[in-house]
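Here's the structure we're looking at; comments come further down.
None of the figures in this text is laboratory data; all of them are computed from the coordinates on show. Small disclaimer: the values here were computed from a predicted structure and weren't measured. When we count neighbours, we look across all protein chains shown, and the Cβ atoms used for this are built from the backbone with ideal geometry, even at glycine.
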Amino acid sequence: MAMLRRLFYLLLVKPLVLFLIGLNVRGRQHLPSSGPAIVVANHNSHLDTLVLMSLFPQALIPDVHPVAAADYFFRNRCLKWFALNIVGIVPIDRRPSARDGDTLAPLLTALDRGKILILFPEGSRGAPERRGKFKSGIAHLLSKRPEVPVTPVFFAGLGKCLPKGEFVLVPFFVDVFIAPAMAWNGSRSGFMDLLEQAFDTLQNSADRPGFEEEERET
């Protein structure tokens with residue numbers, strides 16, 4: 001299945017990103033080159049996961065896994081197979097009945113196996129180009145694995161390409177800002193405050209003059 005995943009991202013996702021969208025990327029060197037690690041990003045497009053996966057080298061694809069809701073991707077057998085084996089999600093159960101167990105168990109197992117997880121702290125796709133409030137699940141996860149670094153990634157423009165509720169892709173240039181990895185500071189509320197601040201800084205960078213001249217990747 002690892003080969004199928006690589007071919008999917010190489011032959012379908014990469015061309016989609018390179019020729020239909022196009023990216024301005026700043027801070028690519030901050031992406032983790034090995035796990036365990038966590039990448040967190042804002043979330044308001046169907047394309048967020050695919051674009052983020054496209055930033056990683058092909059050799060690393062088998063070790064990078066988006067975290068996604070089981071109730072959404074397990075709606076039918078075909079979608080479940082595709083999500084698990086091709087997209088490579090780590091499913092998390094959001095149903096109330098799952099709260100009696102450890103909802104984070106699949107994520108902890110993946111991190112213990114040296115994987116890189118992609119998380120969207122907003123939980124679900126929000127309004128186009130508007131960042132919602134982050135949920136504290138990432139802090140709960142880090143409190144159990146405090147040694148794992150967290151890399152913030154901010155997308156500007158993806159919400160215009162394929163926002164929630166739309167199914168027709170509109171070509172649009174996207175800016176991607178990647179910050180240096182953050183370390184757990186021992187406080188759930190304190191870490192969430194720092195994470196919000198990191199994203200505020202990245203978002204403000206989108207308006208800084210000279211960005212495109214400094215680094216442009218398509």
| task | Enumerate the amide H contacts of Thr151 below 5 Å, restricted to partners 5 or more residues apart or on another chain; note that Pro and chain-start residues carry no placed amide H. | result | Ile38, Val39, Val40, Met182
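Starting from 0.36 nm per residue, how many nanometres of slack lie between Arg113 and Asn185 once their C-alpha separation is accounted for? Write out the running numbers ahead of the final one.
Working: separation 72, 0.36 × 72 = 25.92 nm, distance 2.31 nm.
Working it through step by step, the gained length comes to 23.6 nm.
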| FRET efficiency estimate (nearest 0.05) - Cβ-Cβ, Gln203 to Trp81, R0 41 angstrom | 0.65
| Between Ala68, Pro106, Leu79, whose Cα lies farthest towards the positive end of the dipole of segment 47-117 when Lys and Arg beta carbons carry +1 and Asp and Glu beta carbons carry -1, centred on the Cα centre? | Leu79
